[in-house]
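Undergrad: Here it is, the structure in full.
The values are calculated or read from the model by the stated rules, or taken from the named source; none is laboratory data. No experiment lies behind these values; they were computed from the predicted model shown. Note that each Cβ is placed from the backbone with ideal geometry, even for glycine, and that neighbours are counted across all protein chains shown. SASA here: full protein model, heavy atoms, side chains in, ligands and nucleic acids out. Shrake-Rupley method; radii C 1.70, N 1.55, O 1.52, S 1.80 Å.
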Amino acid sequence: LQYKGQFIDDKPVGTFYYYYPSKSLQATIKHDVSSNRSSAIFYSENGVILAKGIYKNMKKDSIWLNYAPSGRLSSSESYKEDKLNGPKIIYYLSERM
């Protein structure tokens, strides 16, 4: 199983679940058909959030947040039509807790 979700008129609707070959959850993407926006969360194989962001018309849009393996915020990027648009902020934090 690579993914689970529903299409209506060849467009994804509702929540899609994507899986690693190991069957652990890789991503969840919630599609809002009325606005052509989708909110996405990507996970590592052990369940830690790696990234969160928005797609608009299937392209990266708005602010995307990326996380270190520890789960701490590592960077923030702004996108418009799948291209970096604005500052990219990188957080240099010690991984020791």
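Residue-wise test of (1) in contact with a Ser or Thr (Cβ under 9 Å, 6 or more places away or on another chain); (2) in a strand (DSSP E or B); (3) closer than 22 Å to Ile29 by Cα.
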residue	(1), (2), (3)
Pro69	yes, no, yes
Ser74	no, yes, yes
Glu77	no, yes, yes
Gly86	yes, yes, no
Ile89	yes, yes, no
Tyr92	yes, no, no
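Undergrad: Kindly indicate the residue of the stretch 51-86 that is farther than 20 Å from Ser34 by Cα and of a type in the set (Phe, Trp, Tyr) and also least open to solvent (accessible area, probe 1.4 Å) among those meeting that condition.
TA: Selected residue: Trp64.
Undergrad: Next up: If you check every pair at least six apart or on different chains, which have Cβ atoms under 6 Å apart with a residue in the stretch 6-19 that is farther than 19 Å from Lys59 by Cβ first and a residue that is surrounded by fewer than 13 Cβ atoms within 10 Å (Cβ to Cβ) second?
TA: Once the first residue is farther than 19 Å from Lys59 by Cβ and sits in the stretch 6-19, its partners that are surrounded by fewer than 13 Cβ atoms within 10 Å (Cβ to Cβ) give Gly14/Gln6; Tyr17/Lys4; Tyr19/Leu1.
Undergrad: Another question, if that's okay. For the stretch 1-20, name all the residues that are of a type in the set (S, T, N, Q) and surrounded by 11 or more Cβ atoms within 10 Å (Cβ to Cβ).
TA: To start, the set of residues in the stretch 1-20 that are of a type in the set (S, T, N, Q) comprises 2, 6, 15.
Across the stretch 1-20, the qualifying residues are Gln6, Thr15.
Undergrad: Going through the stretch 26-42 one residue at a time, which ones are open to solvent by 40 Å² or more (accessible area, probe 1.4 Å) and in a strand (DSSP E or B)? Steps first, please.
TA: Here is the first cut: in the stretch 26-42, the residues open to solvent by 40 Å² or more (accessible area, probe 1.4 Å) are 26, 30, 32-37, 39, 41-42.
Selection gives Gln26, Lys30, Asp32, Arg37, Ser39, Ile41, Phe42.
Undergrad: Which residues, taken from the stretch 25-81, are more than 26 Å from Asp9 (Cβ to Cβ) and of a type in the set (Gly, Ala, Ser)?
TA: Within the stretch 25-81, Ser44, Gly47, Ala51, Ala68, Ser70, Gly71, Ser74, Ser75, Ser76, Ser78 meet the criteria.
Undergrad: While we're here: Return yes when Lys23 is under 18 Å from Lys4 (Cβ atoms), assigned to a strand (DSSP E or B) and open to solvent by 90 Å² or more (accessible area, probe 1.4 Å) and no when it is not.
TA: Taking the combined requirement at face value, the residue does not satisfy it.
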